[in-house]
Amino acid sequence: MSSVDSGLNEPEPNLHTDPTQLFLDAQQTSHYARHRPHYPQQLYHHLYGYAFPGRQPPFPDLTVVDVATGSGQSLGPLPCDFGTCIALDVSTTQLAEVPPTLRQRVRLQLGDAHATGLPPASVDLVTVGQALHWFRLDDFYKECCRILRPTGALAAWTYDFGQLHGFNGAEELYRELHSGILGSYWAKGRELVDRYYIGIEPGPEYFEEVQRLQLPMPVSVTLDELVGQVRSWSGYASFLRMQPSRADPAEWFRQQCAACMAMESVERLTLQRTITMLIALRPRLRGV
């Protein structure tokens, strides 16, 4: 445990929250839409190289579905690169946050990752950004095999908390927040992100081949932007819901960082994150 004394990190039991209920709060969803990171073009470049070897975008004859799309952070170039792009989420609150510019290019669909409602063998690529760890994996992999065409692919990626840089003790404060104060408020599944999705890859009963890639994702942020990301975390929302009378951990973090940044005349911080992507090729199960 960090030596930082927040006065907030009293032990609490681990949560086993229903993942479908994690991002229904309108205020949290708004923070999610405004402050969650978007992904580098390099990620999609690597994805296309594995999923569609020998081809370059655009793919006017192909269909992609972004599962658990949220407010569209994972869509990136997909709406422009594919003939049909479906953005699917179980939350109407999240889908309401998809920007108007994206709405013109995608088909929004309310649906569950385990029962998308899409026709069999109708999709060429399934993408999942920062959400696979919340799914019932076997059920989801079966659904992917059902909706994917025989040459289709599944790409699921995640990013870690990363390391915070910018002033002395920045990483210690950040770790105290996400793994100390909020450590026991994360729903079951968050630990899979911390393990970089090792051990949850779809097995050979689902796909013929699975590849793993890791890419750096550094981002420069202001303190307000970083606190906005914190407020979008499901662990933070769970803390507020279960401990309404206790001090706000995001405000504690802001005050601690602001004091250190002022002392060292720092205006921006750097989060050095790592993206892990699983790419599963050629589904095996048919007619499930």
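Worth a mention:
- Every residue from the stretch 122-142 that is under 18 Å from ARG284 (Cα atoms) and free of Cβ contacts under 8 Å to residues at least 24 places away in the same chain: ASP138
- Qualifying residue in the stretch 153-160 (condition: part of a strand (DSSP E or B), under 19 Å from the mean Cα position of the chain (by Cα), within 26 Å of GLU267 (Cβ to Cβ) and not aliphatic (A, V, I, L, M)): yes
- Selection within the stretch 257-288: residues that are over 24 Å from ALA155 (Cα atoms) and part of a loop (DSSP other than H, G, I, E, B). The member of this set that is most open to solvent (accessible area, probe 1.4 Å) is GLU267.
- Qualifying residue in the stretch 213-231 (condition: open to solvent by 60 Å² or more (accessible area, probe 1.4 Å), assigned to a loop (DSSP other than H, G, I, E, B), of a type outside the set (A, V, I, L, M) and farther than 25 Å from THR93 by Cβ): no
- Verdict on PRO202 being farther than 14 Å from PHE161 by Cβ, out of contact with any Gly (no Cβ under 6 Å at 6 or more places or on another chain) and surrounded by 16 or more Cβ atoms within 10 Å (Cβ to Cβ): yes
- For the stretch 237-256, the candidate set comprises residues that are at pLDDT 95 or above and open to solvent by less than 10 Å² (accessible area, probe 1.4 Å); within that set, the residue that is farthest from LYS188 (Cα to Cα) is PHE253.
- Filtering the stretch 90-121 to residues that are touching a helix residue (DSSP H, G or I) at 6+ places or on another chain (Cβ under 8 Å), outside any loop (DSSP other than H, G, I, E, B), farther than 25 Å from PRO58 by Cα and of a type outside the set (D, E, K, R) leaves THR93, GLN94, LEU110, ALA115.
- For the stretch 228-264, a residue qualifies if it is under 16 Å from PHE167 (Cα atoms) and without any contact (Cβ under 8 Å) to a residue 60 or more places away in the chain, and the qualifying residues are ARG254, GLN255, ALA258, ALA259, ALA262.
- ASP160 being closer than 18 Å to GLY235 by Cα and surrounded by fewer than 22 Cβ atoms within 10 Å (Cβ to Cβ): yes
- Pick from the stretch 73-98, criterion open to solvent by 20 Å² or more (accessible area, probe 1.4 Å) and of a type in the set (Ser, Thr, Tyr), ranking: farthest from ARG136 (Cα to Cα): THR84
- Selected residue (criterion: farthest from PHE140 (Cα to Cα)) from residues of the stretch 99-120 that are touching a strand residue (DSSP E or B) at 6+ places or on another chain (Cβ under 6 Å) and among the aliphatic types (A, V, I, L, M): VAL106
- Of all residues making up the stretch 52-72, the number that are open to solvent by less than 10 Å² (accessible area, probe 1.4 Å) and outside any strand (DSSP E or B): 4
- Residue match in the stretch 122-143 (condition: in a strand (DSSP E or B) and over 19 Å from the mean Cα position of the chain (by Cα)): yes
- Of the residues making up the stretch 73-84, those that are in a loop (DSSP other than H, G, I, E, B) and among the small types (Gly, Ala, Ser) are SER74, GLY76.
- For the stretch 41-51, a tally of residues being surrounded by fewer than 16 Cβ atoms within 10 Å (Cβ to Cβ), in contact (Cβ under 8 Å) with a residue 40 or more places away in the chain and farther than 11 Å from ILE275 by Cβ returns 0.
- All positions within the stretch 143-173 that are touching a residue at least 24 places away in the same chain (Cβ under 8 Å) and under 28 Å from MET242 (Cα atoms): THR158, TYR159, ASP160, PHE161, GLY162, GLN163, LEU164, ALA170, GLU172, LEU173
The values are calculated or read from the model by the stated rules, or taken from the named source; none is laboratory data. Remember, it's a predicted structure, so these values are computed and weren't measured experimentally. Neighbour counts are summed over all protein chains in view; Cβ atoms, including those assigned to glycine, are modelled from backbone coordinates with ideal geometry. Ligands, DNA and RNA are stripped out before the accessible areas are found, and what is left, the full protein with its side chains, is counted by its heavy atoms. Shrake-Rupley method; radii C 1.70, N 1.55, O 1.52, S 1.80 Å.
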